[in-house]
Amino acid sequence: MHSLPSTQFQFDTSWIIYSDDHLIVANKPSGLLSVPGRGADKQECLLSHLLINFTDAKIVHRLDMDTSGLMVVARSAEVHRHLSRQFQERQTQKTYHAICSGHLNTPSGYTNLPMRCDWERRPLQMIDFKQGKGAQTFWKVLQQNPESFLVELTPITGRSHQLRLHMKSLGHPILGDNLYADPYSLQLSNRLLLHAKTLSFTHPITEELLSFDCSANF
């Protein structure tokens, strides 16, 4: 039986969106790591909570600690391999919702800005047209507010911090982004307003197309 030495988060059954004998779909809270980090103070994570009731849980993909939303978790090595392949071959579909600073005059668009790690300022990422790897994001404004807007983001690639850096590069950082937002946009929210809202993939065992939708709570 797994246990947590100390917790900041109280596990809630509402985190579990779906589960069967082969996989789990969970709604990760903002501020919770996906997997353990380095150091005793970074052992609490989505996986550590799931292992209490699902001792066979295996993480397939990750969300940033400050990003909330849908994650699929495997319950066997076979299912883990199958799901990992779907992510690697871009056979999954994901959309995110975010609230960003400013006003976008264009209702939708496509961003193609190559990225790489900013080694001197890790974990920050940076745009680099010479050494960066391809990164593509579609965006669509859903609602314009006086000083911000709600946007749907569809990543084609899955680079670290891709959506956060792409929105910053457009001049509209995500509110509450402690890595990429300007001071004004940062103080407009006490959390990163980025949420993995929809997730679709093929069930590795039944071969059924599964689609999930979980609204953001911001």
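Inclusion of HIS49 among residues that are in a helix (DSSP H, G or I) and in contact with a helix residue (DSSP H, G or I) (Cβ under 8 Å, 6 or more places away or on another chain) is warranted.
Considering region 107-134, the residues that are without any contact (Cβ under 8 Å) to a residue 12 or more places away in the chain and over 15 Å from SER160 (Cβ atoms) include one that is nearest to the chain's Cα centre (by Cα), namely GLU120.
When region 26-46 is filtered for residues that are among the hydrophobic types (A, V, I, L, M, F, W, C), open to solvent by 20 Å² or more (accessible area, probe 1.4 Å) and over 19 Å from PRO123 (Cβ atoms), only ALA40 remains. Among the numbered conditions (1) surrounded by fewer than 18 Cβ atoms within 10 Å (Cβ to Cβ); (2) over 22 Å from ARG191 (Cβ atoms), the only one that LEU23 does not meet is (1). Kindly indicate whether ARG90 is over 13 Å from the mean Cα position of the chain (by Cα), within 21 Å of LEU163 (Cβ to Cβ) and among the basic types (Lys, Arg). Criteria met by ARG90.
Checked against (1) within 18 Å of the chain's Cα centre (by Cα); (2) at pLDDT 95 or above, GLY37 passes all but condition (2). Entry remark, region 86-106: residues being open to solvent by less than 70 Å² (accessible area, probe 1.4 Å) and out of contact with any helix residue (DSSP H, G or I) (no Cβ under 9 Å at 6 or more places or on another chain) number 7 in total.
The lone criterion from (1) in a strand (DSSP E or B); (2) open to solvent by 10 Å² or more (accessible area, probe 1.4 Å) left unmet by HIS82 is number (1). Comparison of GLN125, GLN136 shows that the only residue that is over 20 Å from SER108 (Cβ atoms) and touching a strand residue (DSSP E or B) at 6+ places or on another chain (Cβ under 9 Å) is GLN125.
So, SER185, is that one open to solvent by less than 30 Å² (accessible area, probe 1.4 Å) and closer than 22 Å to MET126 by Cα or not? Yes, satisfied. Criterion applied to LEU170, LEU163 was being open to solvent by 40 Å² or more (accessible area, probe 1.4 Å), among the hydrophobic types (A, V, I, L, M, F, W, C), modelled with pLDDT of 95 or more and in contact with a Phe, Trp or Tyr (Cβ under 9 Å, 6 or more places away or on another chain), and the one residue passing it is LEU170.
Kindly evaluate SER14 against the criterion of being hydroxyl-bearing (Ser, Thr, Tyr), assigned to a loop (DSSP other than H, G, I, E, B) and closer than 25 Å to HIS97 by Cα. In short, no. Restricting attention to region 67-91, the residues that are within 13 Å of SER19 (Cβ to Cβ) and in contact with a His (Cβ under 6 Å, 6 or more places away or on another chain) total 3. Any residue in region 1-20 that is in contact (Cβ under 8 Å) with a residue 60 or more places away in the chain, open to solvent by 30 Å² or more (accessible area, probe 1.4 Å) and touching a strand residue (DSSP E or B) at 6+ places or on another chain (Cβ under 8 Å)? The answer is yes; a qualifying residue exists. Take TYR180 and decide whether it is at pLDDT 95 or above, open to solvent by 80 Å² or more (accessible area, probe 1.4 Å) and closer than 22 Å to GLY102 by Cβ. For TYR180, the condition - at pLDDT 95 or above, open to solvent by 80 Å² or more (accessible area, probe 1.4 Å) and closer than 22 Å to GLY102 by Cβ - is not met.
The values are calculated or read from the model by the stated rules, or taken from the named source; none is laboratory data. Just so it is clear, the structure is predicted and the values come from calculations on it, not from any experiment. Cβ sites come from the backbone with ideal geometry, for glycine too, and all protein chains shown count toward neighbours. Side chains are part of the model used for accessible areas, which takes the heavy atoms of the whole protein and leaves out ligands, DNA and RNA. Shrake-Rupley method; radii C 1.70, N 1.55, O 1.52, S 1.80 Å.
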